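Read through the structure below, which is laid out as structure tokens, and then see the notes.
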Amino acid sequence: MTTEIGNDIDRARAFLERGELVAIPTETVYGLAANGLDPHAILKIYSAKNRPQFNPLILHVANVDQVEKLVKAIPELCRKLMSNFSPGPITFLLSKSDIVPDLVTAGSSHVAIRIPDHELTRELLAQLDFPLAAPSANPSGYVSPVSPNHVLDGLDGKIPYILDGGICRVGLESTIVGFEEEVIVVHRLGAITPEDIEAVTGAKVVISLSHSSPITPGQLKSHYATTTPLFIGDIIELASVHAGKRLGILSFKTIYDIACAKQIILSEKADLEEAAAGLFSAMRELDASEVDVIITEQFPEYGIGAAINDRLSRAAFTDNE
Ligand code: TXA
Ligand code: MG
């Protein structure tokens, strides 16, 4: 199959209505989309990504009305979050209605739903009479794609169409939240922070990001990983530990005067949002260069910095993987 790249919404819609896969742009990362109510189409996602079927998928819709049909109820706290942050980079775990196939939720009674904030994809969703199931559009376990070319790198020949919406604005996957009684549980960190969530709801917010047998199986460690081993620590120390190797350096704001094969500084002006937006492109670029190891550092642990640290720690090399 040849993989075409274009910005033709009608063409994207035609493929999706035929049960085919289309990569779609969102503000976070590119998604690999299929008709979320058609098990046959959903199976194609798992096979194109080589994704284990115990890892459930997020359903993407155009608006809150479309959420109502897919869930038993929307808790008040969730409505508050939706009115503040949707469309936007936040996903809600809600009790699923019967029309949601078990293949979407991997058998769970809860479905993950998001209203993405990207003009092209919102227009596409508004024209469809089904939600789009879409995980990130990368082979399972690799770094998420933030451009059409990243999608092509991993899925060329496996999908018919990539809807080109440019580079993703946020660059990290959505925040995932669930609701337990009056508590909001954050299962994945993203651009909408626990502080943001607490500020608009006044509710208690608990962070639960387990690395092994998590509630959100995609949180397993060794996700988001580069093929080249990646180490986090003091960059100067790591450079001496790995002396003699070809080094790739990934830093927040500092230009290191260290002999290396390649160095990427994510934000010389120390802007965490700019750093987040460039993170996955930088990881991919270093991975594709002639380096033996990638060395990087801990980012400031506030705002979206916590989500950056989360992704780096999951990408980091450990002996027991
Ligand atoms: O920003 C995003 O969320 C992107 C864009 C494309 O929307 N999507 C994305 O999907 O990151 P994916 O599949 O790569 O990550 C979704 C995460 C996984 O960790 C998965 O285990 C979890 O959400 N998840 C999905 N459905 C779930 C469910 N019913 N219960 C618990 N976790 C779920
Ligand atoms: Mg993913």
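Please treat every number below as a calculation from the coordinates, not as lab data. These numbers come from a predicted model, not from an experiment. Quick reminder, even Gly has a Cβ in these numbers, built from the backbone with ideal geometry, and neighbours come from all protein chains shown.
Here are some notes:
- Note, ³J(HN,Hα) from phi for segment 242-258, Karplus 6.51, -1.76, 1.60, rounded to Hz, x at Gly and Pro: 9, 4, x, 8, 7, 9, x, 10, 10, 10, 6, 10, 8, 8, 8, 8, 10
- What the Cα atoms of the chain give is an Rg and a Dmax of 19.4, 59 Å.
- Counting DSSP beta bridges with both ends in segment 4-207, the antiparallel % (nearest 5): 55
- Cα centroid of segment 86-145 to Cα centroid of segment 228-258, whole Å: 37
- Between segment 280-314 and segment 18-48, the alpha-carbon centres lie 27 Å apart.
- Here the contact order of the chain, divided by its residue count and restricted to Cα pairs under 8 Å and six or more residues apart, works out to 20 percent.
- Among the lysines of the chain, pairs that are 8 or more positions apart or on different chains and have alpha carbons within less than 21 Å of each other number 12.
- Segment 102-237: translational diffusion in µm²/s, Stokes-Einstein, Kirkwood Rh over Cα pairs, 37 °C, 0.692 mPa s: 187
- Per the Debye calculation on segment 230-315 with a single equal scatterer at every Cα and no solvent contribution, log₁₀ I(q)/I(0) for q = 0.13 Å⁻¹ amounts to -0.36.
- Across the chain, the longest run free of exposed loop sites, meaning chymotrypsin sites (Phe, Trp or Tyr not before Pro) lying outside DSSP classes H, G, I, E and B with no more than 15 other Cβ atoms within 10 Å, spans 55-301.
- Placing +1 on each Lys and Arg Cβ and -1 on each Asp and Glu Cβ, with no other charges, gives segment 1-70 a dipole about its Cα centre of roughly 300 debye.
- Assigned charges on the beta-carbon of Lys, Arg, Asp, Glu; segment 2-125 dipole about Cα centre (debye): 380
- Relative to the Cα centre, the charge distribution of segment 4-207, modelled as +1 at Lys and Arg Cβ and -1 at Asp and Glu Cβ, gives a dipole magnitude of about 360 debye.
- Normalised by the number of residues in segment 41-105, the average gap of Cα pairs under 8 Å and 6 or more apart makes the relative contact order 47 percent.
- When you filter the GluC sites (Glu not before Pro) in segment 142-216 for DSSP loop state and at most 10 other Cβ atoms inside 10 Å of their Cβ, you are left with E181.
- Within a Gaussian network of the chain (alpha carbon springs, distance under 10 Å), most fluctuating of I304, I255, I162: I255
- Cβ-based net charge around S86, under 14 Å, with every Lys or Arg adding one and every Asp or Glu removing one: -1
- Computed 3J(HN,Hα) for segment 25-30, one whole-Hz value per residue from the Karplus formula 6.51 cos²θ - 1.76 cosθ + 1.60 where θ = phi - 60°, is x, 9, 6, 8, 9, 6, glycine and proline marked x.
- Over segment 17-98, the pair-distance histogram of Cα-Cα distances with 10 Å bins from zero comes to 15, 45, 33, 6 percent, rounded to whole numbers.
- Loop-located trypsin sites (Lys or Arg not before Pro) in segment 8-89 (DSSP state not H, G, I, E or B) with no more than 16 neighbouring Cβ atoms inside 10 Å: R18, K69, K72.
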